[in-house]
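Notes follow the structure.
The values are calculated or read from the model by the stated rules, or taken from the named source; none is laboratory data. Everything quoted here is computed from the prediction, not taken from an experiment. Heads up, the Cβs are rebuilt from the backbone with ideal geometry, glycines too, and the neighbour counts pull from every protein chain shown.
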Amino acid sequence: MSVGRKCSFGWQAMSRLSPHHETLNEYGEGKCSVPMWSGGCPAGFCDEPAFGIRPPGREYLAPDGSLFRYDGLYAGYISGLACPSHGGPPRATTLAGGEAQGGQGEAGQGKP
């Protein structure tokens, strides 16, 4: 039995996180886990390339009830990895000495 919700066009099954939404592969890349919606119904995940988790940050409520972050990053729900558009880190780059810069590993393992 599938978990879903009644939409204007019938029952729509909810998406489930896959391992690539929670961990990075050997190339330091995964998929963005931000849930997407269309017409009030679930429409999967963002699935853009993601290079780590969104760093923690302070949030506040605007007078109209909207949630914002002080650093300006995406303030919505993210259950795992996040693409740069949703507040995740940019692609890791390799420096001349072979050190990696950027990216934060697996979901829940980021550095504040």
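When you check Arg69 against the structure, is it surrounded by 10 or more Cβ atoms within 10 Å (Cβ to Cβ) and among the basic types (Lys, Arg), yes or no?
So Arg69 passes the test.
For Leu73, only one of the following conditions fails: (1) part of a loop (DSSP other than H, G, I, E, B); (2) within 22 Å of Arg16 (Cβ to Cβ). What is its number?
The single condition Leu73 does not satisfy is (2).
If a residue has to be modelled with pLDDT under 90 and part of a loop (DSSP other than H, G, I, E, B) to count, how many in region 28-60 make the cut?
Matching residues across region 28-60 total 2.
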